[in-house]
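Before any comments, here is the structure.
The values are calculated or read from the model by the stated rules, or taken from the named source; none is laboratory data. Everything numeric here is computed off the predicted structure, so don't read it as measured data. Here the Cβ positions follow ideal geometry from the backbone for every residue, glycine too, while neighbour counts run over all protein chains shown. Each accessible area value is taken on the protein alone, full model and side chains, heavy atoms only, with ligands, DNA and RNA left out. Shrake-Rupley method; radii C 1.70, N 1.55, O 1.52, S 1.80 Å.
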Amino acid sequence: MDLVQKTEKYGPVVRLAPNEISVNSVDALRTVYVGGFEKHRWYLDVFANYGSPNIFTLLGHKPHSVQKRMVSNVYSKSYLQNSKDLQTVSSQLIFDRFLPIIQETVGYGGDMDVLDFTEAVGMDFTSAYLFGLSNSTDFIKNAEYRRHWLKEFQTFKIRLPHERAGGEIEGWCFSMCEAADAFIHSEKLNENPSATQPVVYRQLSQSLGEPTQPNAPQFKNTMVAIASEMLDQLIAGHETSGITLTYLMHELSQRPCLQDSLRSELLTLSPPIIYPATNDTTNTNMAQGLPSPRSIDALPLLNNILQETLRLYAASPAQQPRVTPFSPTGTTIDGYSNISGGIRVSANPYSLHRNAAVFPEPEKWVPERWDAEGEKRDEMKRWFWAFSSGGRMCLGNHFALQDKEMKLVVAAVYSNYMTEIVDGEGMEQADTFVSGPVGGKCVLRFKHV
Ligand code: HEM
């Protein structure tokens with residue numbers, strides 16, 4: 001019996017074991033997640049990098065909120081929408097890497113594994129924002145290295161922190177931190193107008209105390225603390241976006257008419273994202289860059305398509321364990337009182353997103369359901385939990401979704417191409433914390449329109 005069936009049979013609060021509860025209601029989300037129950041130790045045991053805690057793994061409320069506040073500014077919606085660095089990153093990644101590679105693939109017949117490719121896109125966007133364009137990855141163009149890295153990462157993520165310590169992936173991220181640090185203290189930005197700042201690295205190094213002196217005693221510790229944070233964000237940023245984009249394109253590939261409607265909406269953008277440039281568009285393309293993040297964010301069909309993909313295929317659909325606090329009167333969750341302290345309690349997007357009373361026919365991908373208005377729409381939004389909620393909500397949700405990466409990438413693809421399925425075997429989601437297709441691939445054919 002899976003968690004959805006357990007909820008249907010036993011209600012929204014289910015005791016799974018003497019010390020473990022699973023919850024599935026908006027009321028329980030409010031108590032446990034918005035109410036700030038601390039994370040379970042499992043996070044520290046499984047996700048620590050370099051033996052140093054980071055925003056994702058810090059358990060205590062105080063140290064976590066201090067660290068999160070150091071970078072939350074550069075991940076806020078308004079900062080992202082106005083960031084010149086991110087505009088340059090987006091324009092270069094879309095016009096110099098992403099669209100040329102798709103166009104080249106079209107020349108060879110158009111078949112591409114979009115899981116591998118969109119994870120590359122997620123990595124290049126995230127690392128460029130973290131470290132600056134000149135110090136970041138080029139997974140989009142360097143297919144050989146990204147395949148090697150993604151294979152290495154499959155082993156990395158099933159190892160415990162002490163087993164993976166000092167390995168290739170930790171070393172790789174540390175080198176990018178060192179490059180970003182050297183960049184901040186050089187004149188490179190002045191020399192090269194298309195270079196961008198290492199926005200997140202800079203912000204964190206200023207807050208934690210700049211590791212400017214390689215011989216100073218605190219240098220290594222500060223670098224390690226920053227590297228732990230950076231590696232966590234690279235991991236959080238590339239796989240989740242890649243999985244979401246893959247399921248979205250897989251669903252759209254089964255619906256040519258919906259692709260046409262989406263393209264009509266996308267071509268209203270100013271300037272439209274046209275590639276390759278024609279005589280008519282040469283001047284509007286690279287010269288004017290991309291349409292504003294606000295205008296992309298305001299497209300209703302694009303929004304519905306992403307929202308529905310995140311509902312049905314939440315990239316992190318699993319239990320997010322917290323611990324009940326110790327208090328003399330015990331804790332009450334959704335009407336169940338007197339729950340002792342130290343109990344593991346979790347909700348998961350998979351079950352919340354399959355409540356048939358809120359999302360009729362929940363197993364079907366229906367973007368139009370998000371056209372609902374008023375109380376119906378508000379209710380759906382209350383149950384939508386792809387990015388969690390409360391103080392431990394996803395740090396990168398605006399970066400991933402609303403302003404830049406995923407909406408922009410979908411807009412760039414479907415303004416120019418149509419897609420169809422070549423090999424869609426094994427698309428069921430794996431049963432892991434971050435869950436991609438069990439087949440580990442999704443091959444689509446791109447055709448220029
Ligand atoms: C589709 C894209 C993404 C999805 C679906 C997603 C989902 C989530 C979820 C569900 C959590 C809460 C996990 C838990 O408490 O167990 C989370 C936390 C987090 N995410 Fe994301 N994420 C995405 C993209 C990103 C990106 C792009 C970044 C950074 C660049 C990021 C950074 C983080 C961090 C640092 C946390 C920990 C927050 C905290 O504990 O305070 N995520 N994400």
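Worth pointing out:
- Residue count for segment 24-71 satisfying the condition of being closer than 18 Å to L130 by Cα, near the ligand (Cβ under 9 Å from one of its atoms) and assigned to a helix (DSSP H, G or I): 3.
- Tally, over segment 294-351, of residues that are among the acidic types (D, E) and on the phi > 0 side of the Ramachandran plot: 1
- The one condition from (1) open to solvent by less than 20 Å² (accessible area, probe 1.4 Å); (2) away from the ligand (no atom under 16 Å from the Cβ); (3) at pLDDT below 95 that D2 does not meet is (1).
- Hits in segment 153-176 - residues which are at pLDDT below 95, touching a Lys or Arg at 6+ places or on another chain (Cβ under 9 Å), part of a helix (DSSP H, G or I) and open to solvent by less than 40 Å² (accessible area, probe 1.4 Å): F156, R164
For (1) closer than 18 Å to S264 by Cα; (2) over 13 Å from the mean Cα position of the chain (by Cα); (3) acidic (D, E), each residue gets a yes or a no:
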| site | (1), (2), (3) |
| --- | --- |
| M393 | no, no, no |
| N397 | no, no, no |
| E405 | no, no, yes |
| V410 | yes, yes, no |
| M418 | yes, yes, no |
| D423 | no, yes, yes |
| M427 | no, yes, no |
| A430 | no, yes, no |
| F433 | no, yes, no |
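- Residues in segment 1-52 that are of a type in the set (D, E) and within 23 Å of the chain's Cα centre (by Cα): E38, D45.
- Filter result (part of a helix (DSSP H, G or I), buried (at least 17 other Cβ atoms within 10 Å of the Cβ) and not small (G, A, S)) within segment 127-152: Y129, L130, F131, L133, N135, R146, W149, L150
- Flag for S90 being on the phi < 0 side of the Ramachandran plot and either open to solvent by 20 Å² or more (accessible area, probe 1.4 Å) or charged (D, E, K, R) (or both): no
- Candidates are the residues of segment 336-353 that are more than 19 Å from L59 (Cβ to Cβ) and within 16 Å of the ligand (Cβ to nearest atom); the one that is surrounded by the most Cβ atoms within 10 Å (Cβ to Cβ) is L352.
- Filter result for A400 (within 30 Å of L99 (Cα to Cα), open to solvent by 10 Å² or more (accessible area, probe 1.4 Å), assigned to a helix (DSSP H, G or I) and within 11 Å of the ligand (Cβ to nearest atom)): yes
- Residues in segment 417-449 that are open to solvent by 60 Å² or more (accessible area, probe 1.4 Å), aliphatic (A, V, I, L, M) and either in a strand (DSSP E or B) or over 25 Å from P349 (Cβ atoms) (or both): M418, I421, V422, V449.
- All told, G107 meets the bar of being away from the ligand (no atom under 13 Å from the Cβ) and open to solvent by 20 Å² or more (accessible area, probe 1.4 Å).
- Residues satisfying the stated conditions in segment 250-276, i.e. in a helix (DSSP H, G or I) and either in contact with a Ser or Thr (Cβ under 6 Å, 6 or more places away or on another chain) or more than 16 Å from the ligand (Cβ to nearest atom) (or both): L252, P256, C257, L258, Q259, D260, S261, L262, R263, S264, E265, L266
- With respect to the conditions (1) outside any strand (DSSP E or B); (2) more than 12 Å from the ligand (Cβ to nearest atom); (3) modelled with pLDDT of 95 or more, M123 lacks only one, and its number is (2).
- Inspection of segment 305-318 identifies no residue that is over 27 Å from W42 (Cα atoms), acidic (D, E), within 16 Å of the ligand (Cβ to nearest atom) and at pLDDT below 95.
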